[in-house]
Each structure stands twice: as structure tokens, then as C-alpha cells.
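Scroll down for the structure; my scribbles are underneath it.
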Amino acid sequence: MNNEEITAHVLLAKNGDTGSFRKLYELYYKDMYRYAYYMLGGGDDVEDVISETVLDAFTGIKNLRHPAKFKSWIFQILTTKCKRQIASYVKDRENRRDEVPEEQLRKEDHPYALSVDVQNAFAALSEMERTVVSLIVFGGYTSREAAKIMKSKEGTIRSLKSRAFNKMSEYLKEELA
């Protein structure tokens, strides 16, 4: 779907066309799922966060001022939902991960499965670093687009991305040594 078609569907959805909203949802679902999956470390919360995001987007689309920015807008909603979910279990995150058998974490049949080492390297990042990596790597955004979503400077995003990749690299070197 090209930008003009996307904008047309957004305009129709703003006027209550549920079929157009469904098409927008279908267009971005995989990116949203991938983003939420890595932000939340997988699990049942991913679908819940996406459902909440889609519901908020559906009820709030009439307030979207710039239809061409639909993807950024819905990812802002998703980012907020992910941050709230992370905050709700930050204290017990390590306990929750320890309870999951390593065999389940290594499931190769899940389309977004990563090795446990990469998951642990990602989990070792700060919340801001995870958000930046998720937006750029899993969401497919440029540093400029990620900066707009996070309401930050592009240089800050590039620095966070670089620092995050370096941290993950060092973590993996230590783990695999």
C-alpha cells in the first residue's frame, strides 16, 4: 500500500469506516507485534498491549491531525502501552524470566524467537535503549523517525542506538567467551 492509499484509508477511518481501519491494522500488525514482542520479552502481554493500542487508536483516530503520520502515531500509542506494562512488572521481571524454562525461551518455531543470549543482552539494556533498538531494528524506523516518536533529538537517538549495540556486543562477547 502506498502513502496515498494509506492516507485515504486514514481519512476514511477518521469518518468511521471500520473496513479502512482494519486495513491499516493489517498493514502494521506485524511491525507492532515484533516491536511489542521485544519490548516486553514475549509472553501473553504482547497481545494485550497490541489490543489496547488498537482500541485506543480506533477510538482516537478522529483526533489524528496528520493522516500521513498514522504509523508514527499508532507506534507512539504502542510505545506508551509497552512502557506502562514494563513499569507494572519491573520489580519482578527477573523472577518472571527465571521461572521460564530455558527450552521454552529457545523455541525455534516462534517467528521472532532469538537465542537466550541475545534476549538476555537485550534485557540488560536500559528502557530507553530497548525502546530505541526496538523502534529502529524491529519497527523499521530511521533514527529521525524514532526521534520524532520519542520526542527526542536525532543525535540522542543515534547515541542511544550506538551505546545499546555496544552494550549488547560486549554482553555477548562475555557470555560466549
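Rule-based calculations on the coordinates, nothing more; no lab input. Only a predicted model underlies this, so the values are computations on that prediction, with no experimental measurement involved. So basically every Cβ, Gly included, is an ideal-geometry build from the backbone, and we count neighbours across all protein chains shown.
Every condition in (1) crowded, with 16+ Cβ neighbours inside 10 Å; (2) assigned to a helix (DSSP H, G or I) holds for ARG84 except the one numbered (1). Residue pairs whose Cβ atoms lie under 9 Å apart, separated by 6 or more positions or on different chains, with the first residue in segment 1-21 and in a helix (DSSP H, G or I) and the second surrounded by fewer than 11 Cβ atoms within 10 Å (Cβ to Cβ) and among the polar types (S, T, N, Q), are LYS14/ASN63.
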